[in-house]
1. Can you find even one residue in segment 263-275 that is modelled with pLDDT under 90, in a loop (DSSP other than H, G, I, E, B) and closer than 25 Å to L332 by Cβ?
2. Are any of the residues in segment 113-127 more than 17 Å from the chain's Cα centre (by Cα) and either buried (at least 18 other Cβ atoms within 10 Å of the Cβ) or touching a residue at least 12 places away in the same chain (Cβ under 8 Å) (or both)?
3. Restricting to segment 211-243, give me the number of residues that are at negative phi and free of Cβ contacts under 8 Å to residues at least 60 places away in the same chain.
4. What residue, among those in segment 162-192 that are open to solvent by 10 Å² or more (accessible area, probe 1.4 Å) and among the β-branched types (V, I, T), is nearest to I105 (Cα to Cα)?
5. Out of the residues in segment 250-269 that are touching an Asp or Glu at 6+ places or on another chain (Cβ under 8 Å) and within 18 Å of G112 (Cβ to Cβ), which is most open to solvent (accessible area, probe 1.4 Å)?
6. Select from segment 198-212 the residues that are part of a loop (DSSP other than H, G, I, E, B) and open to solvent by less than 20 Å² (accessible area, probe 1.4 Å) and write down the one among them that is farthest from H102 (Cα to Cα).
7. How many residues, within segment 213-231, are in a helix (DSSP H, G or I), more than 25 Å from Y324 (Cβ to Cβ) and open to solvent by 10 Å² or more (accessible area, probe 1.4 Å)?
8. Need the failing condition index for A118 against (1) in a loop (DSSP other than H, G, I, E, B); (2) out of contact with any helix residue (DSSP H, G or I) (no Cβ under 7 Å at 6 or more places or on another chain); (3) at negative phi, just the number.
Amino acid sequence: MKVEFAPLNIPLARRLQTAAVLQWVLSFLLLAQVCLGVIVFLIIYNYWFLYIPYLTWLYFDWQTPEQGGRRSDWVRSWTIWRYFKDYFPIHLIKTWDLNPSHNYIFGFHPHGVLVAGAFGNFCTNYSNFKELFPGLTAYLHVLPFWFRCPLFREYLMSSGPVSVSRRSVSHVLSKEGGGNISVIVLGGAEESLDAHPGKFTLFIRQRKGFVKIALTHGAYLVPVFSFGENELFKQVSNPEGSWLRAVQEKLQKIMGFALPLFHARGVFQYNFGLMPYRKPIHTVVGRPIPVRQTLHPTPEQIEELHQTYMDELRKLFEEHKGKYGIPENETLIFR
């Protein structure tokens, strides 16, 4: 295989963009383990004056990810996130005005490998979210697993993510006066295993919990499709029925998160590595679906609203796919 190296005269801005994305990738692949290692080191060498106060505070702070988190505008405004956004680049597109007197659930699709579009648009201050949706605050819900790691949880919460537990979503949507958005990547970890370039398979048919929560709180549903999300990485072939897919699905059930075997480009060469490709991401926010509050929704009401949501999601994809280079014959596959 011929290795294609990056030219030496790369502009400074592109180098900074590459560094920003590398930092982001490594933070999810290694930082949690490093943080856990630090705690173990402090315990082994008995630096009690460091780990005892932190673990005591952690005990009392354990529920914070389910109670709105602890975002920091300072962290969200780090210059590194501007370079992160410009690396791909990431774009947020509005198709409909949202009334800040309502609360909303954004169903984000597809999951992709590392959900770069969701992070760039809703966890940094460098997207145009505030200009497009004034008076609204977005909360990206992620796996509770990430908040169980000491130290790393503080770093993660500072950017705005909160837990994806039912309690956490209900906390966001229960805030009086409206103006809150729960951003949920509905396909979850299972969908990441199908995040191959050119594929549009969404795990949505059995995902109905978000519909019940929307009805319970009267939160409007908004389909969101992030064009380009599946183009950032390639995965080792893992079709349904293969031994690799069976192992991945088994590990997912045990650990709660998936382990896609992905690769893309390197830092100094374009042939192989863990850096995502420079592919544009266009996150398109669709039309809100009005939801009337129903404290005890029936299965029929849930099913009806769920079908309406899937219809609106498909409509959103069909209306915009041509703008982003998707062939006319391609369509969404709901599983």
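1. Looking through segment 263-275, none of the residues is modelled with pLDDT under 90, in a loop (DSSP other than H, G, I, E, B) and closer than 25 Å to L332 by Cβ.
2. No: zero hits.
3. Here the count works out to 9.
4. That would be I184.
5. Q252
6. Step by step, filter segment 198-212, then rank; the result is F203.
7. 4
8. (1)
The values are calculated or read from the model by the stated rules, or taken from the named source; none is laboratory data. Quick caveat, the model's predicted, so the values are computed rather than measured. For neighbour counting, all protein chains shown are included, and Cβ atoms are generated from backbone atoms with ideal geometry for every residue, glycine included. Each accessible area value is taken on the protein alone, full model and side chains, heavy atoms only, with ligands, DNA and RNA left out. Shrake-Rupley method; radii C 1.70, N 1.55, O 1.52, S 1.80 Å.
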